[in-house]
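Structure first, commentary second.
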Amino acid sequence: MSLSATIKSIQDIMRKDVGVDGDAQRIGQLGWMLFFKIFSDQDLELEALVDDYESPIPAELQWSAWADSEQLGKQALTGEALLDLVDNCLFPALKELDLEDLEGIAQGRGALLRSVFEDAYNYMKSGTLLRQVVNKINDNIDFNESKQRDLFGDMYEQLLKDLQGAGNAGEFYTPRAVTQFAIDRVNPQLGERVLDPACGTGGFLTCAFEHLKQQVQGSQDLEQAKQGVWGVEKKPLPHLLCVTNMLVHGLEVPTNVRHDNTLRKPLRDYARADQVDVVVTNPPFGGMEEDGIERGFPTEFRTRETADLFLVLVMELLKAGGRAAIVLPDGTLFGEGIKTRIKEKLMRECNLHTIVRLPNGVFAPYTSIKTNLLFFTKGEPTQEIWYYEHPYPKGYKSYSKTKPMRIEEFGPEKAWWEQREENEFAWKVSLQEIQANNYNLDVKNPNAAGEVHEDAAVLLDKYRFAVQQADEARSALQAALRDCLE
């Protein structure tokens, strides 16, 4: 059975279980089980390759001790006995794993194991169905089998892509074509530190790691590549999927991928040691941060709009000369008020040299909001901005699950990048024009063939943005009144 068919059959089994409610829980259940199996397979490999390596998992809870039915034969647990072991032994032990007696790589992997299981859950209520899932994983997934390992990366990528159809879980996935193009353009190098402060399931991080591995010429270089990739993810499910993704791509101790909210730390508390060479990210947009987060930012930039706060944070986290690629919605480009002040700061402190305008449907079905890739370098002010309007492939009117965006589509942008000239897709705007237009970066393509009208989806986006701005102003007024009364 192929790996993709295995995953589908596992999800079909889970649908029979009364404890697993909806796609998000199925993905969460599958996520911890795949993580634990891959982690266990890597333990076997490390025991063979690394002197004195010992798995951080207690012997009686290792995968082979309870899950491997072929090895255990008739003694393999099922039903209530299996459920009892998983719920009352495995999860409590891993959530409270003692790291004191561990050393070296085992300690790092133990810390990773504990952080993953702190927020993981066994949703399944039927031990019999759980045994069926375990057997499917056992029979079809062996991460130490070389051919399967190569295939598994592509299969896992497809699994993450399928999240786009799983309700709100779709926010975790950025199309591979977008992440790869962004990494290609910022071009991280060995010895540099690459950060995604809202890393989701790790699309930008795995692309960055693969990009760094292409520069590796020895074991020291490989270790440098592993230490060069950093990420932070706020939500437990995408964090679990992200660290599994990193394991799949050969990073055995992805402890640099933390489960946290980078916005929670006040901006003034970030020091020079926190700054990095490259930031690549697709921060959540269209949503609001929890109350109080905005107080960690300077007064003139206080907002609860997540994308705005991340843009301010990215500027702070870049070293002088550092490069960034960030996905932002059209609302950031044309927004006023706080958004204007943020854009003014961006263009004063950074060279916003390129905006790639992406077409509708790139993130469908999660959102129809039009998005943009902003590329900038910190330490020099913006003098002019080049725009490139990414067209649909010939014959396309939108993207879909069967017709996704492909990296090959970015060939014209790559060819244009180093020798820029205006054409039907590319144009430039001076700083003076931007300032005269009150830092409105929503500049229409003057070279587009034919007359261009805003479609209904764009107008609806602008209406929603106006409503959001009104809500934000109302919240700010209420907060100010509360402060006056305290």
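The values are calculated or read from the model by the stated rules, or taken from the named source; none is laboratory data. Quick caveat: nothing in here was measured; it's all calculated off a predicted structure. Cβ: placed from backbone, ideal geometry, glycine included. Neighbour counts: every protein chain shown. Side chains included, ligands, DNA and RNA excluded: accessible areas come from the protein's heavy atoms. Shrake-Rupley method; radii C 1.70, N 1.55, O 1.52, S 1.80 Å.
Just one residue in the set Ala198, Ala169, Ala177 is at pLDDT 90 or above and either under 13 Å from the mean Cα position of the chain (by Cα) or buried (at least 24 other Cβ atoms within 10 Å of the Cβ) (or both); that residue is Ala198. Could you check region 8-36 and list, in sequence order, the residues that are open to solvent by 10 Å² or more (accessible area, probe 1.4 Å), touching a residue at least 40 places away in the same chain (Cβ under 8 Å) and within 24 Å of Asn144 (Cβ to Cβ)? The one that is open to solvent by 10 Å² or more (accessible area, probe 1.4 Å), touching a residue at least 40 places away in the same chain (Cβ under 8 Å) and within 24 Å of Asn144 (Cβ to Cβ): Ser9. Exactly one residue out of Ala324, Ala307 is touching a residue at least 24 places away in the same chain (Cβ under 8 Å) and closer than 22 Å to Arg193 by Cβ, and it is Ala324. Among the residues of region 69-84, the one identified as buried (at least 18 other Cβ atoms within 10 Å of the Cβ) and at pLDDT below 90 is Ala76.
Out of Asp98, Asp87, one residue alone is open to solvent by 30 Å² or more (accessible area, probe 1.4 Å), under 31 Å from the mean Cα position of the chain (by Cα), at pLDDT 90 or above and farther than 21 Å from Gly31 by Cα. It is Asp98.
How many of the residues in region 251-287 are free of Cβ contacts under 8 Å to residues at least 24 places away in the same chain and either touching a Lys or Arg at 6+ places or on another chain (Cβ under 7 Å) or in a loop (DSSP other than H, G, I, E, B) (or both)? Going through region 251-287 one residue at a time, the tally reaches 2. Could you check, for region 270-277, whether at least one of its residues is under 21 Å from Leu328 (Cα atoms) and surrounded by fewer than 12 Cβ atoms within 10 Å (Cβ to Cβ)? No, the conditions are met nowhere in region 270-277. Might you let me know whether region 381-398 holds any residue that is in contact with a Gly (Cβ under 8 Å, 6 or more places away or on another chain), within 25 Å of Arg176 (Cβ to Cβ) and without any contact (Cβ under 8 Å) to a residue 40 or more places away in the chain? The answer is yes, given that some residue of region 381-398 is in contact with a Gly (Cβ under 8 Å, 6 or more places away or on another chain), within 25 Å of Arg176 (Cβ to Cβ) and without any contact (Cβ under 8 Å) to a residue 40 or more places away in the chain. Looking across region 182-229, the residues that are assigned to a helix (DSSP H, G or I) and over 25 Å from Leu240 (Cα atoms) come down to Asp184, Arg185, Val186, Ser219, Gln220, Asp221. For the residues Val467, Val452, Val458, the requirement of being assigned to a loop (DSSP other than H, G, I, E, B) and modelled with pLDDT under 90 singles out Val452. Quick check: anything in region 407-418 open to solvent by less than 60 Å² (accessible area, probe 1.4 Å) and among the basic types (Lys, Arg)? No; the residues of region 407-418 include none that is open to solvent by less than 60 Å² (accessible area, probe 1.4 Å) and among the basic types (Lys, Arg). Any idea which of (1) assigned to a loop (DSSP other than H, G, I, E, B); (2) free of Cβ contacts under 8 Å to residues at least 60 places away in the same chain is the one Asn360 doesn't satisfy? Result: Asn360 passes all but (2). Report yes if Ile57 is of a type in the set (Val, Ile, Thr), open to solvent by less than 10 Å² (accessible area, probe 1.4 Å), closer than 22 Å to Thr6 by Cα and within 30 Å of the chain's Cα centre (by Cα), otherwise no. It is false that Ile57 is of a type in the set (Val, Ile, Thr), open to solvent by less than 10 Å² (accessible area, probe 1.4 Å), closer than 22 Å to Thr6 by Cα and within 30 Å of the chain's Cα centre (by Cα).
Quick one: in region 379-398, which of the residues that are open to solvent by less than 20 Å² (accessible area, probe 1.4 Å) and part of a loop (DSSP other than H, G, I, E, B) is nearest to Val314 (Cα to Cα)? Only one residue fits best here, namely Thr382.
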